[in-house]
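Working notes for the structure below.
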Amino acid sequence: MLPLPLEAGTYDYRLPAGLSAPPGSFVIVPLGGREAVGVVWDGEPDASLPAHKLKNVQAVLDAPPMSETLRRFVEWVAAYTISPPGAVLRMGMSAPAALEPLPQKAGWQAASGALREDVRLTPARQRVLDLLGPGEVRSGSELAEAAGVSPGVVRGLADAGLLVPALLPRGAAFPLPDPDHPGPRLGAEQDATAAALRAKVAAGEFGVTLLTGVTGSGKTEVYLDAVAEALRQGRQALVLLPEIALSAQWLDRFRRRFGVNPALWHSELSTRTRRDTWRAVAEGEAPVVVGARSALFLPFPALGLIIVDEEHETAFKQEDGVIYHARDMAVVRARLSKAACVLVSATPSLETLTNAETGRYDHLHLSERHGSAGLPEVVAIDLRSHPPERGRFLSPVLIEAVRDTMARGEQAMLFLNRRGYAPLTLCRVCGHRLRCPNCTSWLVEHRAQRRLQCHHCGHAEPIPQTCPECAAQGSLTPVGPGVERVLEEVEALFPDARRIVMASDTIPGPAAATAAAEAIAARQVDLIIGTQIVAKGWHFPHLTLVGVVDADLGLAGGDLRAAERTLQLLHQVSGRAGRAEAPGRVLLQTFAPDHPVMHALVSGDVAAFMAEEAAGRRPGHWPPFGRLAALIISSEDEREADRAARDLGLAAPRAAGVEVLGPAPAPLALLRGRHRRRLLLKARRDVPVQPLLREWVSRVDLPNSVRVQIDVDPVGFL
Ligand code: ADP
Ligand code: ZN
């Protein structure tokens with residue numbers, strides 16, 4: 001199998017005499033005039049191919065073969081998502097350099113008999129030699145540093161023949177986390193829950209457990225205990241986080257618990273770190289990996305535990321290339337690896353909750369916050385009776401609360417899930433709205449950069465001085481708030497407050513996130529203004545007030561899960577308040593205080609809300625009580641997109657319990673210059689949709705310029 005999106009799956013080659021390549025081996029083969037690396041797959045060769053047509057395998061690479069488990073996983077994901085297996089395989093070969101022999105560096109070894117009495121050694125030289133045990137090899141720079149001498153001293157020893165060159169061992173790239181390193185002492189409820197999880201891991205079998213608990217109840221500490229158990233069993237653990245790049249605080253806690261750093265896996269690693277990590281995982285030398293969804297495709301030989309933290313997060317859904325949900329595929333990978341799987345959330349998805357209720361998953365729950373902290377009080381501010389001043393976005397009630405909080409020396413956070421200054425720019429004279437040329441979306445003003453940006457395709461342009469439609473001067477007006485505009489309002493209200501904006505463009509990576517978290521923990525900040533990146537996992541002990549600027553924001557747009565997602569996000573943000581001694585408060589600015597989401601947040605009764613969601617979805621067979629799959633048809637030519645969508649619509653499968661909705665223009669009808677149409681297949685739970693979809697798409701002949709993406713279990717509907 002070649003890591004390419006080829007429909008055929010596997011190709012046949014001849015293995016020349018003298019080469020051995022059992023299934024899983026990485027091999028070099030000729031492919032259309034060049035060389036490609038592929039994996040020897042299982043199964044029978046194509047008997048109809050005449051032997052003389054077969055090309056030879058050119059070489060077998062000296063890398064750990066891909067395990068049977070991982071091969072079955074690749075096949076499973078391909079079949080479920082209706083992707084070419086090679087496209088999935090590519091995710092399992094994402095560190096090509098790891099398949100090459102690893103470069104070995106040279107270092108120094110003490111010459112035998114080097115400590116002879118008759119050689120006179122300076123104290124500096126002696127210190128270097130003292131560092132080297134018999135047979136030990138260390139690099140020159142390491143020796144110089146450890147001995148506190150200049151590199152010249154090491155060179156001098158070499159010139160004198162007292163050090164001889166030798167190859168450095170490829171030492172373990174990742175130190176072993178110590179499962180018995182003294183971590184925080186667990187409370188009684190935490191301990192009982194951790195014991196139950198440890199037992200699952202120790203059983204060494206597949207099983208899924210949902211771990212829920214209020215924010216701040218110590219879910220992380222509890223599942224780290226399960227990680228410790230996997231280590232004691234000599235197995236590897238994988239922790240999937242939705243936003244690995246922002247996980248600085250999480251890594252601190254891992255270090256506190258285990259004394260060392262885990263291996264990291266995400267898209268921003270350097271080529272070299274990728275190679276070393278992939279190889280260490282394959283050789284069992286990376287006992288714990290913390291990663292983004294792509295870490296599921298790493299070559300673990302001894303996986304014993306997969307944790308999916310914040311399992312409800314949509315970031316686990318990959319929306320391009322192979323479209324898959326890492327939470328769901330984590331369960332599959334765990335099953336194939338006979339590993340325990342733990343899904344963690346304060347507000348689990350209805351999918352997972354339903355699996356727990358029907359007994360497919362076990363369910364453990366932590367009911368109290370750790371220590372003396374109570375849950376924050378949540379209050380809705382009705383914007384109809386307490387409106388902000390004209391052109392402003394903060395209600396007097398919220399402003400007062402911020403003032404009081406800061407007067408007590410505590411921190412406040414204002415949450416608005418919108419980057420930039422204003423989501424829309426409008427001409428006051430002619431009503432023209434500034435749109436992205438490539439997408440169906442408004443351009444978002446980013447005042448700090450003095451630019452307009454499309455948040456879908458990245459298109460950016462300077463803010464025009466005149467209206468591009470009617471040429472009026474200075475008529476363009478920002479409409480609505482983004483975090484930058486809230487910042488402006490706060491600057492006017494509280495000029496002395498120390499402020500920080502946390503959004504993906506102001507906190508671009510782990511280093512910035514760490515710096516921000518440290519400044520907040522050290523009380524160098526009074527007021528935090530942030531988008532959804534402030535919602536996740538942070539623990540700020542002095543933060544006692546959370547103000548949600550627009551609690552209704554996620555509710556518009558008629559998406560199946562809009563209410564569920566808004567609840568999850570706002571619950572998570574609310575959970576940032578009052579995590580230490582001082583009690584927390586949450587104020588929700590809303591025009592719909594009677595909406596079930598606001599009720600659930602104010603009453604804290606998330607379970608009742610989810611029960612109502614379930615009751616609403618069950619009769620119509622909406623997920624998780626039925627299945628959905630979307631077809632997204634796109635072309636640069638609008639008429640072609642329409643024709644293809646119509647043809648696919650006409651060929652739609654007709655079967656009992658199956659319904660096809662559309663075609664309809666996608667909400668993002670134009671994206672990156674492509675016109676998009678959607679069809680939605682809705683089926684009862686007992687209908688296997690993959691065969692239907694495969695047959696459907698193969699029945700229609702489409703021009704090459706038309707692309708059809710199949711999204712099984714869609715999460716987004718844009
Ligand atoms: P959750 O994941 O449920 O929101 P966390 O695991 O983040 O909760 O715990 C919240 C805070 O309480 C963290 O700072 C954590 O270090 C601390 N904490 C939780 N349990 C303990 C414990 N047993 N001992 C000490 N600190 C704890
Ligand atoms: Zn765009």
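So here's what we get for this one:
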{"read-out": "Net +/- balance of residues flanking residue 73 in space, Cβ distance below 13 Å, scoring K and R +1, D and E -1", "value": "+2"}
{"read-out": "Residue (of 376, 353, 337) at the positive-pole extreme of region 335-382, dipole from beta-carbon charges", "value": "337"}
{"read-out": "Farthest positive-ward along the chain dipole, Cα basis, beta-carbon charges - from 527, 194, 421", "value": "421"}
{"read-out": "Convex hull (Cα only) mean projected area of region 503-604, reported in nm² to one decimal", "value": "7.1"}
{"read-out": "Under 5 Å, built H, 5+ apart or other chain: amide partners of residue 669", "value": "440"}
{"read-out": "222 nm mean residue ellipticity, helices alone, for the chain (DSSP H n ≥ 4; -39,500 (n - 2.57); rounded to 500)", "value": "-9000 deg cm²/dmol"}
{"read-out": "Stretchable slack from residue 515 to residue 104, in nm (0.36 nm times residue separation minus alpha-carbon distance)", "value": "144.4 nm"}
{"read-out": "For residue 543, distant residues with modelled amide H under 5 Å away", "value": "411, 578, 579"}
{"read-out": "Relative packing of 156-165, 327-336, 445-454, which averages over residues the other C-beta atoms within 10 Å, highest first", "value": "327-336, 445-454, 156-165"}
{"read-out": "Net +/- balance of residues flanking residue 261 in space, Cβ distance below 12 Å, scoring K and R +1, D and E -1", "value": "+3"}
{"read-out": "Over region 5-56, relative contact order from alpha-carbon pairs under 8 Å, at least 6 apart, %", "value": "39"}
{"read-out": "Net charge dipole size for the chain [Lys, Arg +1 and Asp, Glu -1 on Cβ; Debye, nearest 20]", "value": "900"}
{"read-out": "Separation between Cα centres of region 488-541 and region 659-718, rounded to whole Å", "value": "40"}
{"read-out": "Table column - 3J(HN,Hα) (Hz), region 535-540, Karplus curve with 6.51, -1.76, 1.60, x for Gly and Pro", "value": "6, 8, x, 5, 10, 10"}
{"read-out": "Cysteines without a disulfide-compatible neighbour (Cβ-Cβ under 4.7 Å), the chain", "value": "341, 457"}
{"read-out": "Gyration tensor (alpha-carbon) shape descriptor, region 191-344, a/c threshold 1.5", "value": "rounded"}
{"read-out": "Amide H partners (placed H, <5 Å) of residue 303, local residues excluded", "value": "236"}
{"read-out": "Taking the chain and dividing mean pair separation by its residue count, relative contact order in percent (alpha carbons under 8 Å, at least six apart)", "value": "11"}
{"read-out": "Pairwise Lys count, the chain - Cα closer than 22 Å, eight or more residues apart or different chains", "value": "5"}
{"read-out": "Karplus 3J(HN,Hα) series, Hz, for region 612-618 with 6.51 cos²θ - 1.76 cosθ + 1.60 (x for Gly, Pro)", "value": "5, 4, 4, 4, x, 8, 4"}
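FYI, it's all coordinate maths here, none of it is from the lab. In this text, all values refer to a predicted model and were calculated from it rather than measured experimentally. Counting neighbours? That spans all protein chains shown, and the Cβs are built from the backbone with ideal geometry, glycine included.
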